[in-house]
Amino acid sequence: MTEHYYSKQPQIKSNPQEWTFTLRGEKLRFQTDAGVFSKNEVDFGSRVLIEAFEASVVPGPILDVGCGYGPIGLAIAKEFPKKMVHMVDVNTRALELAKKNADKNDVGNVSIYESDGLGSVVEDDFAAILTNPPIRAGKDTVFRFYEQAFDKLAAGGSLWVVIQKKQGAPSTEQKLEALFGNCRTADKKKGYFIFEARKV
């Protein structure tokens, strides 16, 4: 069976590397490794999502689903130090890296833990949920993320999704419109769409 970055425990040999990247005006240091998503740089889709995100006035924590080694959650947590940011992933190697990267960047307002989708997230009433979903895990898995996110959002809270047109942006837009009753394109760059769906 082919191993993917959404494998629980990657068997591929560790090959750690470290680099810096500027996100939302902050220079962040990241340690990455083989067996995690986009190990050589912050992937373009995540960068577009990070820059497009608009914080809600709705009170409550923020959730990064499929956090990987942490670029989305840590960039948001760095900018909003009074917000608790939950960061979850099924990949244990990625989670360890996310914890190291939180320490490297002096980000203390995060809670990083293992969860398959949102299955182990006990908190409710999130002000915002962000995800660069694991498209290769299949549409059923990705749509389950959206459904779980809807249940976990506070009234007025938003789900933010980045997805490429060729990897299912039209079907994601239809799903979010059906689930939330609304879906806006917050940004669009090089075939990547940023969708925001608000729980009303």
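Only the coordinates and a few stated rules stand behind these numbers; no lab work does. In this text the structure is predicted, and so the values were computed from the model without any measurement. Because the Cβ atoms are built from the backbone with ideal geometry, glycine has one as well, and the counts that use them run over all protein chains shown.
For the cross-link pairs Lys78/Lys104; Lys175/Lys199; Lys78/Lys189; Lys27/Lys189; Lys165/Lys189; Lys152/Lys199, the ones whose C-alpha atoms lie over 18 Å apart are Lys78/Lys189; Lys27/Lys189.
A protection proxy built from the mean count of other Cβ atoms within 10 Å ranks the segments 65-71, 83-89, most packed first, as 65-71, 83-89. For the range 162-176, backbone phi angles converted through the Karplus equation (6.51, -1.76, 1.60; θ = phi - 60°) give residue-by-residue couplings of 10, 7, 7, 4, 6, 9, x, 4, x, 6, 5, 4, 5, 5, 5 Hz, Gly and Pro being listed as x. Taking Cα centre as origin and charging only the Cβ of basic (Lys, Arg, +1) and acidic (Asp, Glu, -1) residues, the dipole magnitude of the chain rounds to 520 debye.
Of the peptides 28-35, 158-165, the order by per-residue mean of other Cβ atoms within 10 Å, starting with the highest, comes out as 158-165, 28-35. Candidate cross-link partners of Lys190 among the aspartates and glutamates, defined by an alpha-carbon separation under 13 Å and a same-chain spacing of 8 or more, comprise Asp43. For the range 97-140, the Stokes-Einstein estimate of translational diffusion at 20 °C and a viscosity of 1.002 mPa s comes to 166 µm²/s, using the Kirkwood hydrodynamic radius over alpha-carbon pairs. Residue order for Ile76, Ile50, fewest other beta carbons within 10 angstrom first, comes to Ile50, Ile76.
Among rounded, prolate and oblate, which fits the range 56-117 when a ≥ b ≥ c are the square roots of the eigenvalues of its C-alpha gyration tensor, a/c under 1.5 means rounded, and a/b larger than b/c means prolate? Could you put the intermediate results ahead of the total?
Numbers: a/c = 2.39, a/b = 1.33, b/c = 1.79.
Note, shape of the range 56-117 comes out oblate.
By other beta-carbon atoms within 10 Å, ranking Glu26, Glu54 with the fewest at the front produces Glu54, Glu26. Look at Asp64, Asp43 and count the other Cβ atoms within 10 Å of each Cβ; fewest to most, that gives Asp43, Asp64. Backbone amide hydrogens, once placed in the peptide plane, bring Ala128 within less than 5 Å of Leu63, Ser158, excluding anything fewer than 5 places away on its chain.
The largest-to-smallest principal axis extents of the Cα set in the chain are 44, 41, 34 Å.
Measuring nothing but how far apart in sequence close Cα pairs (under 8 Å, 6+ apart) lie, relative to its length, the range 68-200 scores a relative contact order of 19 percent.
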